[in-house]
Structure formats: structure tokens, C-alpha cells
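Chemist: Here it is: the structure, laid out below.
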């Protein structure tokens, strides 16, 4: 095989692996399309809201104006997802004061969904399903 062909294949393979974004190690911005409040049965168009994941440290939910709506400090992670361009999922668990919750990121059939479940002691959990339109690296 010609050395130029081999080098071209290696260059392309290296480029593909460099683009793989790992949710537990990379800082990623998740661009929101809409948010479903499952409890209320309401959908809100939210094109300018973002979720930002800081590896396995924390998740920030940003309002349309860029201000932080919620911050979730991660306590535990269920699963692994080394390339968010591929199908996969991961569950982050957190506790902030008396609030417990999970944030699940999932890609299936070329759709990305984030499910936020927030609970307090004896109250019913608040559940949001968020549709993501793209992911960018910070």
C-alpha cells in the first residue's frame, strides 16, 4: 500500500477520534429547543436556554439571557458515554440541600433528550424533558 494512502487513513482516523466528546471529561454546551414540564403537561419553546456540563463535576442550566437558573453538583454517575455523537446515555445524581435529583442525557435515533427529575422529601418529583438541538464544546 502506498505510504500516502496509509498516512491519509491515519490522519482521518486521528481527526475522528479528536472530535469525540466525552460527557464525563469534556465541558459541553447543550443547546435547548424546547422543554416539556411533564407534571403540568406544558411545552415551552426555549431556543436560547442552554445546559452546560462540566465533566463529572456539575451541570448548569442557563436561562435565555445567559444567567444561571440552576446548578447541580454531581454526587454520582451511572454509566459512561465516551462519545456524545453516538447513541448512548448517562445518569448524573445530585443533592443540593434537601433537594435530590437526577439528570439523564440520552441520544437515541439521532435525537438528544435530557430528563431532569427533582425531588424533595415527601413531595412529588418535578420532571422536565428537554430536547437538545446541538452540542458544542466550551
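Chemist: Quick check on residue 90: is it assigned to a loop (DSSP other than H, G, I, E, B), touching a strand residue (DSSP E or B) at 6+ places or on another chain (Cβ under 6 Å), touching a residue at least 40 places away in the same chain (Cβ under 8 Å) and over 15 Å from residue 128 (Cα atoms)?
Modeler: In short, no.
Chemist: I've got another one for you. Please tell me if residue 39 is under 17 Å from residue 103 (Cβ atoms), at pLDDT 90 or above and exposed (fewer than 14 other Cβ atoms within 10 Å of the Cβ).
Modeler: Working: under 17 Å from residue 103 (Cβ atoms): yes; at pLDDT 90 or above: yes; exposed (fewer than 14 other Cβ atoms within 10 Å of the Cβ): yes.
Criteria met by residue 39.
Chemist: So the check is Cβ under 6 Å with 6+ separation or different chains; which pairs have a first residue in the range 63-85 that's farther than 16 Å from residue 24 by Cα and a second one that's outside any strand (DSSP E or B) and modelled with pLDDT of 95 or more?
Modeler: Once the first residue is farther than 16 Å from residue 24 by Cα and sits in the range 63-85, its partners that are outside any strand (DSSP E or B) and modelled with pLDDT of 95 or more give 64/49; 69/63.
Chemist: With within 14 Å of residue 28 (Cα to Cα) and free of Cβ contacts under 8 Å to residues at least 40 places away in the same chain as the only criterion, which of 107, 115, 58 stands out?
Modeler: 58
Chemist: Another question, then. So how many residues does the range 107-116 have that are touching a strand residue (DSSP E or B) at 6+ places or on another chain (Cβ under 6 Å) and surrounded by fewer than 17 Cβ atoms within 10 Å (Cβ to Cβ)?
Modeler: 1
The values are calculated or read from the model by the stated rules, or taken from the named source; none is laboratory data. This one's a predicted model, so the numbers in the text were calculated from it and none came from an experiment. As a convention, Cβ positions derive from the backbone with ideal geometry for all residues, glycine included, and neighbour counts pool all protein chains shown.
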